[in-house]
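Here's the structure, in structure tokens; my notes come after.
Read the figures in this text as sums done on the coordinates, not as results from a lab. From a predicted model like this one, the values you see are computed outputs, not experimental measurements. Here Cβ is always computed from backbone atoms with ideal geometry, including for glycine, and neighbour counts include all displayed protein chains.
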Amino acid sequence: MGDTTDDAVIGRTTSESTPWWPDPVLPGEGTPNIIVVLLDDTGFAHLGCYGGLIDTPNFDRLAERGLRYTNFHTTALCSPTRACLLTGRNHHSVGMRALANFDTGYPNMRGRIARSAGTMAEMLGGEGFATWAVGKWHLTPMREASAVGPFGDWPLQRGFDRYYGFMQGETDQFHPELYEDNRLVDVPRTPEDGYHVSEDLVDHAIDLVRTQHTMVPERPFFLYLAFGATHAPHQAPDDYLQKWRGRFDDGWDVCRRRVYERQLEMGIIPPGTDLSPRNPGVEAWVDLSADEQTLACRLQEAFAAMLDHTDAQLGRLLDSLDDMGIADDTIIVALSDNGASQEGRATGVLDTFRHFNGIDQPLDEAMDRLDAIGTRTSNTNYPWGWAQVGNSPGKRYKQNTHSGGVRDPLIVSWSGGIDPAVQGQIRTQFHHVIDLAPTLLDLVGVAAPEEIAGVAQQPIEGTSLAYTFEADAVDAAAVPSRKASQYFEMFGHRGIWSDGWKAVAYHPPDTALDDDVWELYNLAEDFSECHDLAEAEPERLRGMIDLFWSEAERYGVLPIMDRTGNLFAGHVTPGTPRNRDRFVYLPPTPRVPPDAAPALGSRNWEMRFEVERPTGSEGGVLLAFGTVNNGLVAFIDGGGHLVYDHNAYSNHTVVRSPQPVPAGLCVLEVHQERVRRGPGRARLYVDGVPSGAVMIPEIPTMISPVGMDLGRNPTGVAGDYEAPFEFAGRLIRVDVATSRAFRDDEEAAIELAAAEQMQ
């Protein structure tokens, strides 16, 4: 006979040969599916099953047929928690110290997950699971999220078979910047047609599950469903907004006390737990003016409506599992990525980019726009007082390493695998988000590979919590945690937990680390971190601080960010769009995401449009950036005039050419000059002739999570046209040139001109 290949025998003819087929790569029969449901900026006390005041019947439904964890922790920020969740390693270990938007030049902050830290999708996909990511990603350097990549850290290149969602850290819920697999795609419907991104995400998730179950039911799946909710902007359909009108009129002090009492009654927090005092900067509700209370309530109502609406979408997914008969065969893990957000500032904002630009919300403007809150024409986040309600009974918020930032809800539901005798119970063992990957691998019988795609893998750093499922222990909730210790670090805030004790330091911005004050808490007796034992237990505190520094060296935490500017330090990566000052676009061009677009907020710029305008044309958009809430747009209006509309937090500054743009070929220009923080000036040119100028009172440096479109504007930056207002002529070429700075005298001249105009 001839050659052999594996067990095949190859002869001269098939009659003399023996065929052989490799075994398919499939997990063993009965291996469960996995769904991870990740909420964003949802606090420990927001869900109804954690004592919250907002209706969450479907998260409660998961809790009833699973386990709730009340001592579960995250990293205090979104990208780092996601990196931990998907890899089972600490965020510094894998290069995601903070947001994926930044690369500081150090191994702990590359804005991407190291190849030596494989994701669960890479691990499970290699064992035959179908793998899908739906929703927020935020694990790719955002400068690489344009239509041309590079794609190495997009979901499909990190082990997922399919992806649908948004890449940025947040998005407008009615006008998201959507991606499918390795490409940008249009939003399938308009807000007027009832579009909301949470519904769209769950539609895709259900379709993926249903198609898989129909076509190849033998193959289990891993679905990573990461909602944009409840990250700002807080936006929901009108009927949900109306449902919550007046429900929080008692104010945040009364509501927080109510949540605290519910938590005690439900056993979410231990008896004797104190309710922490109001965080610094949070005023007593009774000390607010009537207008301040009205605004704060409307902002909280929008948050409640968004969480309520999100819960309903989860319900649709759970119902689909029931309809397909696979609910018992599916492990569902539901959690949040960090505590409730402090990014709404002390009084709340109607436009989230006010916070990112360091600008408070004027109360009179907010009162004029009350009815817009929560709709497509607002971009809201609530005040600190409501955020602390969501973090009850703890201190501080997202970004901080006190409990308000890092203690989060975790529900593990598996009706076919968790003994009915313990379903609905609470577990109090200390655990961290790095523990979820090893838990899920444990439950489906998959060992973390030592090598993926030829790259040796870092050890898994988490500890499986599957032992907490046991039903035969006398008191399963009292079984000690199998974790030895866990460090925390975010923006210089630090913490260390070990054997029931926690040392934590709040780091004021732009101060020296050595000036920080360490606190010490016995969490076994002080769940809410109210009783600082640093002075009473100095030796224990010193030992905890030493342990922190030891863990910091072990897990690549160093160097620690001590100054705010450290986050933005580094260089603009060669080979990506932001490395240039000149940009040439040859339409038609896909949307350009914010971090891959010219820096139209922080720099001076000149736009040049080569167009061919037919006689009688109704015009259309030339270039638009952002949404109806914050952005800028250059367009030709219905009368043929060149228009520039600068939309700063829904305050429009408009300049229009006095004469219509001529028909045929012409060159149109818009120039904008700005001071470093404050006003600016815009000028129009038609075929080189100055055609209008205007002073702009305020130019936001950061514009929007939604980027730049050429030849159309689906998000409706200006109200003078109906989106998408596609350009009726031919947009031949667009040139954008940016420059970084003025001379001091030029800035002074602009400031003076703006001041004179405002008088």
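Values for this structure:
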quantity	calculated
Residue order, fewest to most beta carbons within 10 Å, for R298, R540, R376	R540, R376, R298
Scaled radius of gyration (Cα, divided by 2.2 N^0.38 Å) that region 234-379 gives	1.24
Bridge type composition, the chain - antiparallel percent by DSSP, nearest 5	75
Helix-only [θ]222 nm of the chain, DSSP H runs n ≥ 4, -39500 (n - 2.57) each, per residue, nearest 500	-6500 deg cm²/dmol
Stokes-Einstein translational diffusion, region 321-436 - Kirkwood Rh over all Cα pairs, 1.002 mPa s, 20 °C, in µm²/s	125
Förster-model FRET efficiency, 56 Å R0, T190 and E451, C-beta, rounded to 0.05	0.75
Two-site FRET efficiency, T564 against S739, from Cβ-Cβ distance with R₀ of 25 Å, rounded to 0.05	0.50
Neighbour-count order for H91, H671, fewest beta carbons within 10 angstrom listed first	H671, H91
Length added when fully stretched, R247-D371, from 0.36 nm per residue minus Cα-Cα	43.0 nm
Mean Cβ count within 10 Å, highest first, over the residues of peptides 10-23, 485-498, 421-434, 77-90	77-90, 485-498, 421-434, 10-23
Cα-based equivalent ellipsoid, region 76-165: semi-axes from gyration tensor eigenvalues, Å	20, 16, 11
Rg over Rh, two decimals, region 486-568 (C-alpha only, Kirkwood Rh)	0.97
From the C-alpha gyration tensor of region 232-306, square roots of 5λ in Å	25, 18, 10
Cβ charges +1 (Lys, Arg) and -1 (Asp, Glu), total dipole of the chain, debye	1300
M708, M695, M266 arranged by Cβ crowding within 10 Å, fewest neighbours leading	M266, M695, M708
Virtual paramagnetic centre 7 Å along Cα→Cβ of E537, amide N under 19 Å, in region 271-286	271-276
From the C-alpha gyration tensor of region 180-264, square roots of 5λ in Å	35, 20, 12
Rh (Kirkwood; distinct C-alpha pairs) - region 33-485, Å	22.0
Cα pair distances of region 35-115 binned at 5 Å [whole percent]	3, 14, 21, 18, 14, 11, 10, 6, 2, 0
Solvent-free Debye scattering, log10 I(q)/I(0), computed from the Cα coordinates of the chain at q = 0.10, 0.12 Å⁻¹	-1.02, -1.41
